[in-house]
Amino acid sequence: MLAFLDDLLWGKVLVVGLIALGLVFTVGSRFVQFRYFGRMFGVLGEAVRRQPGHLSSFQALMLSVAGRVGAGNIAGVAVAITLGGPGAIFWMWMVALIGMATSYFECTLAQLYKQPEPDGSYRGGPAFYIARGLRQRWLAMVFSVLLLVTFGFGFNAVQSYTVATSLADSFGIAPHWTGAVLTVVLGTIIFGGVKRIAQVADVLVPVMAGGYILLALFVVATHLGDVPAVFALIVKSAFGLEPAIGGGMGAAILLGVKRGLFSNEAGLGSAPNVAAVAHVPHPASQGIVQAFSVFIDTVVICSCTAFIILLSPAFAPGGGAAGVALTQQAVAGFVGEWGRIYVSIALMLFVFTSIIYNYYLGETSIDFFSGNDIAVFTVFRVMVMALVFWGSVQDLSTVFAFADITMGLLAVVNLVAVALLFRTGLRVMRDYDRQIAEGIDSPVFDSSRFPDLDIDRGVWPARR
């Protein structure tokens, strides 16, 4: 039953829905992700500047990347290449470029409908724009429950299992010791609140992602002569012109699309919860930053894994290693046996930051239910820590399958909400466009232009 529901959601409904809506958002916004691609770097520069007492847009970006970048960037890409051939990478790129528009709108809406917290931070996300934008609180409650079950509980246990088994295989460390250390470190971070979570991501994400990108650049730089052939192989395989590699064009499309959607999370409703925490002058500027997050995850980091594998003799069409073992074997072939250890450590860091991110998503759900009740937060934090330890010593294939389905339902609810609020998102985008056209380098949101919207006027005051 779990397999049937998973295939129905991810093999049919969501693959079609995410791509179709992504295309609608792309065309309807006049290709916003490409129009502002160059500006993404400028907005990112502005994002580094911090407002005292608030999280910066850069910290929100790093927290978002912490969640998007995970085991799928190392193991998932290898699985896509093994089963779908090199052409799967081309379709991963395509779904990321389309998904950037989806991410732009869901994260812009999250900023628009965010609410202030007593400590000066913000909360927001799909539950908030469903409740205030669509005025459907019951649907917002459904979304919050799904978010809590999927990320707050299910995926945190699964992620700790992944770390524990990886370290046990690579270093012989008993899973219960890994679980104990993870639990203690996680507790230290999450009891510090969202600001400490963002501070950890602020440091850890650039280090882990930067190190992995540098490794890939080293591999590419030392094999520049082979790069054109790899590009040609990816494109030919994508259109079935290399039938002996992978499962043909159909498998390349299916695997590339599915792995791309799993990896960058555009449209799933998870990233907007993080996008809402930033202090920005205009909701659209955070939408631009979060669209860039999709680009970083899939076009940059997934491509790093792809080129490491495809430039390596370890890549053997129709056989050889698969999954993370293929990535480890390829890295070891370029830099020596220490490369296997490096991949295990990178995987551990990627997964650990995902645990932090998953916890924060669950915390957002709890906040929507409880209204910042400290006792409820404390119980939730203790439960998450217990689940992380429990997950490290269990085989969680059934839990993972169940969480996969709840995540699919989560995406369905979010996509319906974003589609219904698309016109609102366009109005905010056009306000940003207008100010850019008038020569304003850093547009500012004026809520007096949107008197009909149920937004927090304390967060977005009138500027006239």
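Rounded, prolate or oblate: which one fits region 85-198, using the alpha carbon gyration tensor with axes a ≥ b ≥ c (rounded when a/c is under 1.5, else prolate when a/b beats b/c, else oblate)?
Judged from the Cα gyration tensor, region 85-198 comes out oblate (a/c at least 1.5, b/c at or above a/b).
Would you tell me the accessible area of CYS304, worked out with a 1.4 angstrom probe on the heavy atoms of the protein chains, in Å² to the nearest 10?
CYS304 exposes around 10 Å² with every protein chain in place.
Skip the ligands, DNA and RNA, and give the accessible area per residue of region 344-464 with a 1.4 Å probe, whole Å².
41
Just to make sure I understand: if all protein chains stay in place, what is the order of TRP460, TRP390, TRP138 by accessible area at 1.4 Å, largest first?
The ordering from most to least exposed comes out as TRP138, TRP390, TRP460.
Taking square-rooted eigenvalues a ≥ b ≥ c of the alpha carbon gyration tensor, is region 89-135 rounded, prolate or oblate, where a/c under 1.5 means rounded and, failing that, a/b exceeding b/c means prolate?
prolate
List the residues, sorted by chain then number, that are 5 or more residues from ARG123 or on another chain and whose placed amide H is less than 5 Å from its amide H.
GLN115, GLU117
Take the alpha carbon gyration tensor of region 352-392, find the square roots of its eigenvalues, order them as a ≥ b ≥ c, and report rounded if a/c is under 1.5; if not, report prolate when a/b exceeds b/c, else oblate.
Taking the square roots of the gyration eigenvalues as a ≥ b ≥ c, region 352-392 is oblate.
The values are calculated or read from the model by the stated rules, or taken from the named source; none is laboratory data. Since the model is a prediction, treat every value here as computed from it, not as a measurement. For the accessible areas, the whole protein counts, side chains as well, though only heavy atoms, and no ligand, DNA or RNA atoms are used. Shrake-Rupley method; radii C 1.70, N 1.55, O 1.52, S 1.80 Å.
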